[in-house]
Amino acid sequence: MVLVGIIHLLLNTAAALLGGALLLRVYLSWLRVAGHNPLVQFSWALTEWLVKPFRSMLPRRTRLDWPCVAAALTVALVFVVLMRVIGIGAPLDWSLLVPQVLGLVVRWALYMLLVLVFIYALLSLVNPHAPLAPTFDLLTRPLLAPFRRALPRVGGFDLSPIAFLVVVQVLLIILEWARL
């Protein structure tokens, strides 16, 4: 049982990091972040080997990087099938495969956004002039804008990251409750 738990941890970590990097690449592309940005270079270096085959099948014609989306869905599909084959989780039910894969990708996206906002909040408190601070500001501005309009600053502090993190946590709880 311990070995199964270790295998689950390793596969889950690898799939989540790779899926998160692919979704980060989609988000960076959507926001049209310049290619010389360190986050773009990181996500590109980590995922290009997986995206390249999809790029030949799905040429990029819109702001949404469909080859990266397809690669993230593939990673999620392989992870879900592997977990069921190994015997972790519910038995493989083909009728639930698509919702499970989509739920996993949504979970990865929510965790990615949670990490981006957390890093932004941390940088803004500790070192607002850090080299990556403008990048994280660019990435979180569209996410935090609705909260900034609704919440006033309190004593000069922006509470929108806290509100965003709470909303994302609620969404993650709902996903877990729905078992997606």
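Points to keep in mind about this one:
- Looking only at the stretch 151-173, and only at residues there that are at pLDDT below 95 and out of contact with any Leu (no Cβ under 7 Å at 6 or more places or on another chain), the one that is nearest to Arg107 (Cα to Cα): Asp158
- Close pairs from the stretch 103-130: first over 23 Å from Ala72 (Cα atoms), partner β-branched (Val, Ile, Thr) and open to solvent by 50 Å² or more (accessible area, probe 1.4 Å), Cβ under 8 Å, at least 6 apart: Ala121/Ile162
- Single residue of the stretch 143-165 satisfying the filter (open to solvent by 70 Å² or more (accessible area, probe 1.4 Å) and outside any helix (DSSP H, G or I)) that is farthest from Arg25 (Cα to Cα): Gly155
- Of the residues Leu64, Leu17, Leu9, Leu22, the single one that is open to solvent by 100 Å² or more (accessible area, probe 1.4 Å), aliphatic (A, V, I, L, M) and either under 22 Å from Ala133 (Cβ atoms) or under 16 Å from the mean Cα position of the chain (by Cα) (or both) is Leu17.
- Ala45, sole failed condition from (1) open to solvent by 30 Å² or more (accessible area, probe 1.4 Å); (2) of a type in the set (Gly, Ala, Ser); (3) more than 18 Å from the chain's Cα centre (by Cα): (3)
- Residue in the stretch 92-100 that is aromatic (Phe, Trp, Tyr) and surrounded by fewer than 16 Cβ atoms within 10 Å (Cβ to Cβ) present: yes
- Meets criteria (more than 19 Å from Leu31 (Cβ to Cβ), in a helix (DSSP H, G or I) and among the β-branched types (Val, Ile, Thr)) for Val168: no
- Flag for Val115 being under 24 Å from Thr13 (Cβ atoms) and open to solvent by 70 Å² or more (accessible area, probe 1.4 Å): yes
- Tally of residues being within 17 Å of the chain's Cα centre (by Cα) and buried (at least 18 other Cβ atoms within 10 Å of the Cβ) across the stretch 120-142: 5
The values are calculated or read from the model by the stated rules, or taken from the named source; none is laboratory data. Just so we're clear, the structure is a prediction, and the values are computed from it rather than from any experiment. Here the Cβ is made from the backbone with ideal geometry for all residues, glycine too, and neighbour counts use every protein chain on show. Accessible surface areas use protein heavy atoms only, side chains included; no ligands, DNA or RNA. Shrake-Rupley method; radii C 1.70, N 1.55, O 1.52, S 1.80 Å.
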